[in-house]
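Student: If you scroll down you'll find the structure; I have some questions about it.
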Amino acid sequence: MKNNIIKSTALLFTALVVLSSCESKKKEEATPELQPKVETFLLAKEKLTTELRLPAELTGFQQVDLYAKVSSFVKTLKVDIGSKVTKGQLLIVLEAPEISSQLAAAESRLKSMEAIYTTSKSTYNRLYETSKVEGTISKNDLEMANGKKNSDYAQYQAAIAAHKEVSIMRGYLEIRAPFDGVVAARNVNLGTFVGPAGKGSDLPLLTIQQQDKLRLAVSIPELYTGYLHQGDEMSFSVKSLPETFKAKITRMSGALDLKLRSERVEMDVLNTKKDLLPGMVAEVLLPLNAKDSTFVIPKSALINSAEGTFVVRVIDHKAHKVEVKKGREIEEKIEIFGDLNRNDKLVKIASEETKEGDIINE
């Protein structure tokens with residue numbers, strides 16, 4: 001009897017344990033897994049103002065390398081490095097004896113053809129006046145005289161052209177300044193052989209630069225070309241001088257360089273004090289001021305993956321990835337462009353592990 005009571009008690013205890021275990025398991029299955037809370041924010045537009053530092057180059061506003069047009073020798077050298085020159089000033093006199101001989105021959109031929117034409121013209125005029133009396137001059141003789149006059153005139157015009165050609169070639173023996181400037185380089189001495197081909201043409205005779213006005217050129221990356229406009233003022237500096245200079249955008253190429261994928265922008269810099277030198281490397285500070293407001297988000301809200309660049313938009317507590325393009329960056333903020341609207345709810349600290357349709361616990 002006692003053993004039966006003990007067995008009954010044991011069976012009852014076992015049943016209670018199993019029942020308790022089952023209820024506990026059902027409660028665990030019925031309780032949903034709690035998701036960690038995710039911080040979100042509402043998308044808004046801002047005017048992002050940034051600055052961009054880029055290297056630039058100073059060059060003479062005008063610069064030209066002077067070469068010899070004809071084979072010759074340097075006879076007279078009137079300037080040297082650093083010489084100030086004015087437009088039209090004689091810089092170098094070259095010597096080519098064969099050109100002088102050609103000019104003398106052209107002058108002789110010109111005078112000869114002029115005399116021949118004058119004679120044939122006078123002959124025709126006399127025959128023409130005589131032919132007015134009927135029966136004195138045949139029509140054939142008059143026509144032959146007229147033809148001779150026209151032929152001699154054509155030869156005379158050819159002689160004029162040949163003389164002019166040689167005169168122009170002789171003019172190439174005088175090298176003159178094309179504009180006001182400074183001689184920046186000299187590569188010849190007295191007696192040097194120069195010419196349009198061969199060793200004498202490797203280097204220019206002289207290099208002339210306009211230095212009272214300089215050209216500051218900078219290449220703007222494609223990403224920032226839309227923020228700059230003609231007339232925008234910017235500052236620049238050079239390593240050799242402590243002061244900061246100002247300049248305005250004067251010219252924009254309006255196209256991208258195929259190698260650098262950048263736009264060439266130029267500024268005119270007045271250099272009346274001659275502090276700046278052509279060839280200096282400058283650092284330009286470009287203000288990138290957006291005219292319109294754009295969407296700006298924290299950098300932590302951006303996902304950079306192999307598939308692209310995304311933000312996570314929350315709609316009805318579910319995650320939706322939206323592909324965007326990056327703009328300018330400043331500190332912890334970044335400009336984005338994409339299929340977004342004002343007041344869209346975005347995840348502030350986005351993770352690449354977030355999948356489309358995941359539950360977002362705000």
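The values are calculated or read from the model by the stated rules, or taken from the named source; none is laboratory data. Remember, predicted model here, so these are calculated numbers, not experimental data. Cβ sites come from the backbone with ideal geometry, for glycine too, and all protein chains shown count toward neighbours. Accessible surface areas use protein heavy atoms only, side chains included; no ligands, DNA or RNA. Shrake-Rupley method; radii C 1.70, N 1.55, O 1.52, S 1.80 Å.
Student: I'd like to verify a number: residues in segment 240-272 that are in contact (Cβ under 8 Å) with a residue 40 or more places away in the chain, within 14 Å of the chain's Cα centre (by Cα) and in a strand (DSSP E or B), how many?
Tutor: Of the residues in that region, 6 qualify.
Student: Just name the residue that is farthest from the chain's Cα centre (by Cα) out of those in segment 213-228 that are surrounded by 15 or more Cβ atoms within 10 Å (Cβ to Cβ) and outside any helix (DSSP H, G or I).
Tutor: Top of the filtered list is 214.
Student: While we're here: Does residue 351 satisfy being in a helix (DSSP H, G or I), small (Gly, Ala, Ser) and open to solvent by less than 80 Å² (accessible area, probe 1.4 Å)? Step through it out loud before you land on a result.
Tutor: Working: in a helix (DSSP H, G or I): no; small (Gly, Ala, Ser): yes; open to solvent by less than 80 Å² (accessible area, probe 1.4 Å): yes.
For residue 351, the condition - in a helix (DSSP H, G or I), small (Gly, Ala, Ser) and open to solvent by less than 80 Å² (accessible area, probe 1.4 Å) - is not met.
Student: Within segment 253-265, track down each residue that is of a type outside the set (Val, Ile, Thr) and surrounded by 18 or more Cβ atoms within 10 Å (Cβ to Cβ).
Tutor: Selection gives 262, 263.
Student: Which of the residues spanning segment 170-196 are assigned to a loop (DSSP other than H, G, I, E, B), in contact with a helix residue (DSSP H, G or I) (Cβ under 8 Å, 6 or more places away or on another chain) and aliphatic (A, V, I, L, M)?
Tutor: 173
Student: Listed residues 272, 250; which is at pLDDT below 90 and open to solvent by 40 Å² or more (accessible area, probe 1.4 Å)?
Tutor: Details: 250 fails: at pLDDT below 90.
Going through 272, 250 in turn, just one is at pLDDT below 90 and open to solvent by 40 Å² or more (accessible area, probe 1.4 Å): 272.
Student: Across segment 273-325, what is the number of residues that are closer than 27 Å to residue 231 by Cβ and either assigned to a strand (DSSP E or B) or in contact with a Pro (Cβ under 8 Å, 6 or more places away or on another chain) (or both)?
Tutor: Qualifying residue count, segment 273-325: 11.
Student: Quick check on this structure: which one of 208, 220 is out of contact with any helix residue (DSSP H, G or I) (no Cβ under 8 Å at 6 or more places or on another chain), over 30 Å from residue 70 (Cβ atoms) and β-branched (Val, Ile, Thr)?
Tutor: Going through 208, 220 in turn, just one is out of contact with any helix residue (DSSP H, G or I) (no Cβ under 8 Å at 6 or more places or on another chain), over 30 Å from residue 70 (Cβ atoms) and β-branched (Val, Ile, Thr): 220.
Student: Can you tell me which residue among 237, 201, 167 is surrounded by fewer than 19 Cβ atoms within 10 Å (Cβ to Cβ), touching a residue at least 12 places away in the same chain (Cβ under 8 Å) and more than 30 Å from residue 79 (Cα to Cα)?
Tutor: 237
Student: Can you tell me which of 293, 351, 305, 300 is in contact (Cβ under 8 Å) with a residue 60 or more places away in the chain, hydroxyl-bearing (Ser, Thr, Tyr) and farther than 25 Å from residue 54 by Cβ?
Tutor: Exactly one of 293, 351, 305, 300 is in contact (Cβ under 8 Å) with a residue 60 or more places away in the chain, hydroxyl-bearing (Ser, Thr, Tyr) and farther than 25 Å from residue 54 by Cβ, namely 293.
Student: Looking at residue 229 and the list (1) in contact with a Pro (Cβ under 6 Å, 6 or more places away or on another chain); (2) closer than 13 Å to residue 286 by Cβ, which single condition is not satisfied?
Tutor: Among (1) in contact with a Pro (Cβ under 6 Å, 6 or more places away or on another chain); (2) closer than 13 Å to residue 286 by Cβ, the lone unmet condition for residue 229 is (1).
Student: What strands (runs of 3 or more DSSP E), lying completely within segment 35-154, carry at least 3 residues that are open to solvent by 70 Å² or more (accessible area, probe 1.4 Å)?
Tutor: Filter on segment 35-154 gives 49-60.
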